[in-house]
Amino acid sequence: MVVFLRNFLISMLSRLGMYNGLRDFLNSYRMDNSSRKAFLAQFVQPGSLCFDIGANIGEKTDLLRSLGCKVVACEPQKECADYLRKKYRNDPQVIVVEKAIASFEGTSEFFLCGVNQLSTLSGNWVKALKEGGRFGELEWGRKITVPTTTLFNLTKEFGNPVFLKADVEGFEYEVLKTLTMKISCVCFEFALPENWESLENSLKHLDGLGDAKYNFSCNNKSFVLDSWGKSQPLIDFLKENFKKYTCGDIFVKYAD
């Protein structure tokens, strides 16, 4: 009953054009915003160029802007991209790119979810979620075509970021695989056990770019591991503990 009421409320708010605004309002008054800002501050400084891949309504962009960063916010869903453009219309330090980031330049099929922050380019991820029962009450019933570009082309257009965040619902490896240079810090989402393959492929690719060190967070306020380490110990830890750490963000940093 609670799930039904939640989905009904989301659907109603979306039809009224209020869903994104309400979430944005609630995010702005989160009690832990100061902790989340302090956590991000260890990776950036005022003037740092950051990429927010899968920006949605700009939750991460807001935190990065509060730290004085310049942000390229990539979001393929028109409703969310329009919201971002309106939200940052007077802020020249936010550039909104209405495209999905993939491994190719062109267009791609995009799976829309009623909860728009769970929409994705990954049909395999949707299938895995349905088979595993995570978010079992939700549907990805509508597909649209969205323009795509690559991370490589994004860096050619806007420069090399200091911080890159990718929250793309199971499509992480397809985003990261065209990255050809070290970035000071990369942050990307994981969800287990649904996207083991994407996680391991992403780590392998990032290892190939240089001397990478890893940690992960489940709250974006603190790290789970006491120290940064190589990719294989991280994979081993997650395989042993994935029932406890079902989702979160992997952080990757490189030595200068």
Original post:
Taking neighbour counts of Cβ atoms within 10 Å as a proxy for exposure, in what order, fewest first, do Cys187, Cys113 appear?
Top reply: Cys113, Cys187
Subject >> trypsin sites (Lys or Arg not before Pro) within the range 185-256, DSSP loop, no more than 10 other Cβ atoms inside 10 Å >> reply: Lys243, Lys244
Subject >> Low-density loop positions, trypsin sites (Lys or Arg not before Pro), the range 98-174 - DSSP coil, at most 16 other Cβ in 10 Å >> reply: Arg134
Subject >> Lys86 paired with Leu225, simple spin-label distance in nm, labels 7 Å along Cα-to-beta-carbon >> reply: 4.3 nm
Original post:
What's the extension gain from Glu105 to Lys239 if we count 0.36 nm per residue and subtract their Cα-Cα distance?
Top reply: 44.8 nm
**OP:** Using just the helices of the chain, give the 222 nm mean residue ellipticity in deg cm²/dmol: DSSP H runs with n ≥ 4 each add -39,500 (n - 2.57), and the total is spread over all residues, rounded to 500.
**Re:** -11000 deg cm²/dmol
Original post:
Can you list the GluC sites (Glu not before Pro) in the range 117-198 that are in a DSSP coil and have 15 or fewer other beta carbons within 10 angstrom?
Top reply: Glu137, Glu139
Original post:
Which lysines have a Cα lying under 22 Å from the Cα of Lys243, excluding residues fewer than 8 positions away in the same chain?
Top reply: Lys127, Lys130, Lys221, Lys230
Subject >> Cα-based Rg of the range 96-253 normalised by 2.2 N^0.38 Å, two decimals >> reply: 1.04
Subject >> GNM top mover of Ser198, Ser34, Ser231 - the chain, alpha-carbon springs below 10 Å >> reply: Ser34
**OP:** Work out how much length Glu200 to Met12 would gain on full extension: take 0.36 nm times their residue separation and subtract the Cα-Cα distance, in nm to one decimal.
**Re:** 63.8 nm
**OP:** Please work out the FRET efficiency for the pair Asp211 and Met181, using the Cβ-Cβ distance as r and a Förster radius of 22 Å; give the result to the nearest 0.05.
**Re:** 0.95
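Just so you know, all these numbers are worked out from the coordinates, no wet-lab data involved. Treat the numbers as computed from the prediction; the structure is a model and nothing was measured. For neighbour counting, all protein chains shown are included, and Cβ atoms are generated from backbone atoms with ideal geometry for every residue, glycine included.
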